[in-house]
Amino acid sequence: MSAGGSRLRQDRILGEAFTTGDLFKLMRLFGITEQTAMRYVGTAYPERTTKLPR
């Protein structure tokens with residue numbers, strides 16, 4: 001995949017994350033891992049991620 005194709009894929013995944021925020025849909029639709037889907041949803045909805053106290 002070219003650099004442009006890779007960027008397009010990332011943009012499509014992020015767009016879907018903004019639209020649905022659904023981890024499982026991202027995983028099924030794009031064939032990505034749970035951790036990768038969580039990163040995209042965390043970027044789209046930072047308020048959904050919690051900071052654990054240290």
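Counting only residues that are in a helix (DSSP H, G or I), polar (S, T, N, Q) and open to solvent by 70 Å² or more (accessible area, probe 1.4 Å), region 1-37 holds 3 of them.
For first residues located in region 3-26 and on the phi > 0 side of the Ramachandran plot, partners that are open to solvent by 40 Å² or more (accessible area, probe 1.4 Å) and aromatic (Phe, Trp, Tyr) and lie 6+ apart or on another chain with Cβ distances below 6 Å form the pairs 21/45.
The values are calculated or read from the model by the stated rules, or taken from the named source; none is laboratory data. All figures in this text were calculated on a predicted structure; none of them were measured in a lab. Counting neighbours? That spans all protein chains shown, and the Cβs are built from the backbone with ideal geometry, glycine included. Just so you know, the surface numbers come from the protein's heavy atoms only, side chains and all, with ligands and any DNA or RNA stripped out. Shrake-Rupley method; radii C 1.70, N 1.55, O 1.52, S 1.80 Å.
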